[in-house]
Amino acid sequence: MSSSTPTLDHTSAPVLEALAEYHAAGRLGFSPPGHKQARGADPRVREILGDAVFRSDVLASGGLDDRRTSNRILDRAEELMADAVHAAHTFFTTCGSSLSVKAAMLAVASPHETLLIGRDAHKSVVSGLILAGIRPVWVEPRWDAGRHLAHPPSAEEFERAFAAHPDARGALVTSPTPYGACADLKALAEVCHRRGRPLIVDEAWGAHLPFHPALPSWAMDAGADICVTSIHKMGSGLEQGSVFHLSGDLIDPALLKSRADLLGTTSPSVLVYAGLDGWRRQMALHGRELLGRTLDLAAEVRAAIEEIPGLHVHDRADFCGPGRADDFDPLPVVIDVSGLGTTGYAVADWLRAHRRVDAHLSDHRRINTQLTHADDEATAAALLTALKDAARHFTSTPPAERERPPAVAVPPPAELRLPQDRLPRDAYFGPVEDVPVQEAVGRIAAEMITPYPPGIPAALPGERLNEPVLHYLRTGVAAGMNLPDATDPQLRTVRVLARDTESDDA
C-alpha cells in the first residue's frame with residue numbers, strides 16, 4: 001500500500017537502485033531461484049537470454065530486500081508511481097492486468113452481489129465473475145453497425161442500469177478499448193458517486209494517458225475509484241507488468257491489497273518490478289516530451305497510410321459523435337483494409353510472413369498497428385513500406401481473377417447479444433457436454449468463446465447461444481479468427497450446460 005506525497009523525488013527508482021546494490025555487493029544466495037545468478041542455467045539458454053536476465057532474477061524479500069522488507073523498496077516504488085499519476089495508492093503486480101482487474105472486482109462486489117459491467121469487457125473480467133460468483137448486469141456498448149465495432153457504453157446507459165438494479169455494488173467499464181475508443185469517465189464516475197458506488201476502469205491500454213495533455217482523460221483525474229493499467233501494453237514495462245491505482249474513500253486500500261494477495265503469486269518477478277519502476281521514472285521525467293514526439297509521428301504515419309490505395313485509418317470522425325465513443329486515442333493506428341478486398345486476418349498474416357512486421361490485432365476488416373514512444377522515423381518508414389507492399393499484393397490481381405477471402409458473417413448488434421440465462425460461475429462449473437456446433441443453437445454456453453486478440457468474448461458461460469453468433473464464429477474461424485479459449489478452437493463442437501440442467505431456475 002502506498003500514498004501520494006507531493007515532494008517525492010522522481011529521479012529515484014528504488015527497485016533498480018536496490019538491484020544495482022545487490023549486484024555490487026556480490027551476494028551469494030542459498031535460496032531460490034535455483035539457477036543461482038545464471039550459474040546453473042543451461043548454457044544454451046544463457047546464450048539466447050544472456051546472463052543479465054538471470055542476474056536480476058532475485059527474490060523480492062530475502063534477496064532484493066531483507067527478510068522483513070525493512071528497506072520498503074517496493075513500497076517506495078509504489079508511492080512514486082501513485083504520485084506520478086495522481087492516485088492515492090498504487091499496487092504493483094507481476095501477474096498482468098488479468099489479475100489486477102479480478103482483484104478490483106473482488107474489492108467491490110462479493111459472491112452473489114451485482115456488478116454493472118460493459119459487455120465489451122475483456123475475458124479476464126468474465127474469469128473474475130466465474131471465480132467470485134458475482135452476478136453481472138451487462139451494460140450495452142455503443143455499437144457502430146456500419147463498421148461492426150463496439151465503443152464503451154455511455155454514462156446514460158449506466159444510469160439506466162443503476163435505476164433498474166439499485167442493489168448493484170458498483171460499475172466496471174473498459175476505456176480505452178484496444179481500438180482506442182474512450183468513455184466519458186468523469187460522467188461515469190458522477191453516475192456512480194451519486195449513489196455512493198465505486199467505478200472500476202479497465203484502462204489496460206491507457207498507461208500513457210497521464211503523461212500528455214493531448215491524450216484522453218486519465219481515470220484517476222476523471223474521478224474513478226480503481227484503475228487497472230497494463231504497463232507492458234503502451235508503456236515500457238515487461239510483459240505481465242501491471243499496476244492498479246486507488247483513489248477516493250469508497251474502497252478500503254487494505255481490502256484491495258488483501259484481494260490482490262488472494263490471487264497473486266508469492267514469488268513475484270523482480271525483473272517485472274524493475275520494469276514498472278523504471279517506466280515510471282522515464283515518464284515522470286520525460287513523458288510529455290516523449291509522447292509529444294509520438295503524437296507528431298502518429299499524425300504523420302496516419303496521414304501517409306490514408307494515401308495508400310485501399311487503406312483507411314480510423315480517426316476521431318469515425319469513432320466519436322452521437323451514439324459512438326466520447327474520446328479517441330490516436331496511437332492505436334487502426335486501419336480498415338476492406339478496400340483491399342480482403343480481411344484483416346489475411347493482411348496481418350501476410351505482413352508477418354513476407355515483411356516480418358507484426359500487427360497487434362486483426363479482425364474481419366481491420367488491423368491495429370500501435371505506435372508508442374519507442375517508435376521513430378525508421379520504424380514508421382518500415383511500417384509504411386510494409387503496408388504499401390501489402391496493398392500492392394492484395395490488389396495486383398485483377399478483381400475477376402482474385403481469390404476472394406472467406407466472408408465473415410458479422411450479425412447486427414441485436415443478434416450479437418445473447419441472453420444471460422445462468423450466472424457465469426454456475427454454467428462454467430455445472431454439468432457440461434460437448435455438442436456439434438449445429439446442435440448448440442438454443443443451448444446454454446458453458447465456456448467462453450473469445451476472438452483473440454482483442455479478447456472480448458462473443459459468448460460467455462451462462463449465455464444462451466443463437467445461430468447468428470455461432471455462424472459468425474464459424475465463418476470467422478474459416479477466415480483466420482483465433483478462438484484460443486474454446487474447448488474446440490475450430491468450433492466443430494461447443495461446450496454447453498448439460499440438457500437435464502437447462503430447465504432449472506437460474
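Contact map, segment 338-351: first residue under 16 Å from residue 475 (Cα atoms), second residue surrounded by 23 or more Cβ atoms within 10 Å (Cβ to Cβ) and among the polar types (S, T, N, Q), Cβ cut-off under 6 Å, separation 6 or more or different chains; pairs are 344/362; 345/362.
Taking segment 194-219, which residues are over 17 Å from residue 105 (Cα atoms) and part of a helix (DSSP H, G or I)?
Going residue by residue through segment 194-219, those that are over 17 Å from residue 105 (Cα atoms) are 194-195, 205-218.
Scanning segment 194-219 gives 209, 210, 211.
Go through segment 451-500 and give me each residue that's among the hydroxyl-bearing types (Ser, Thr, Tyr) and touching a strand residue (DSSP E or B) at 6+ places or on another chain (Cβ under 9 Å). Break it down stepwise before answering.
The first filter runs over segment 451-500 and keeps only residues among the hydroxyl-bearing types (Ser, Thr, Tyr), leaving 452, 472, 475, 487, 493.
Matches in segment 451-500: 452, 487, 493.
Being of a type in the set (S, T, N, Q) and either more than 30 Å from residue 37 (Cβ to Cβ) or crowded, with 22+ Cβ neighbours inside 10 Å (or both), is that true of even one residue in segment 258-271? For segment 258-271, residues of a type in the set (S, T, N, Q) and either more than 30 Å from residue 37 (Cβ to Cβ) or crowded, with 22+ Cβ neighbours inside 10 Å (or both): present. When the residues of segment 411-421 are filtered to those that are touching a Lys or Arg at 6+ places or on another chain (Cβ under 9 Å) and assigned to a loop (DSSP other than H, G, I, E, B), the one that is surrounded by the fewest Cβ atoms within 10 Å (Cβ to Cβ) is 419.
Looking at 453, 457, just one residue is surrounded by fewer than 19 Cβ atoms within 10 Å (Cβ to Cβ), touching a residue at least 60 places away in the same chain (Cβ under 8 Å) and either more than 16 Å from residue 438 (Cα to Cα) or not hydrophobic (A, V, I, L, M, F, W, C) (or both), and that residue is 453. Just one residue in the set 348, 353, 298, 374 is assigned to a helix (DSSP H, G or I) and either surrounded by fewer than 19 Cβ atoms within 10 Å (Cβ to Cβ) or in the same structural domain as residue 174 (by TED's automatic domain parsing) (or both); that residue is 353.
Results for (1) under 18 Å from the mean Cα position of the chain (by Cα); (2) surrounded by 21 or more Cβ atoms within 10 Å (Cβ to Cβ); (3) modelled with pLDDT of 95 or more, shown as yes or no for each residue.
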residue: 158; (1), (2), (3): no, yes, yes
residue: 177; (1), (2), (3): yes, yes, yes
residue: 180; (1), (2), (3): yes, yes, yes
residue: 190; (1), (2), (3): no, no, yes
residue: 194; (1), (2), (3): no, no, yes
residue: 206; (1), (2), (3): yes, yes, yes
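Would you say residue 363 is surrounded by 20 or more Cβ atoms within 10 Å (Cβ to Cβ), assigned by TED's automatic domain parsing to the domain that holds residue 331 and either within 26 Å of residue 126 (Cα to Cα) or touching a His at 6+ places or on another chain (Cβ under 8 Å) (or both)? Against the criterion (surrounded by 20 or more Cβ atoms within 10 Å (Cβ to Cβ), assigned by TED's automatic domain parsing to the domain that holds residue 331 and either within 26 Å of residue 126 (Cα to Cα) or touching a His at 6+ places or on another chain (Cβ under 8 Å) (or both)), residue 363 qualifies. Among the residues of segment 451-472, the ones that are of a type outside the set (A, V, I, L, M, F, W, C) and modelled with pLDDT of 95 or more come to 9 in all.
The values are calculated or read from the model by the stated rules, or taken from the named source; none is laboratory data. If you're wondering where the values come from, they're calculated on a predicted model, not measured in any experiment. Because the Cβ atoms are built from the backbone with ideal geometry, glycine has one as well, and the counts that use them run over all protein chains shown.
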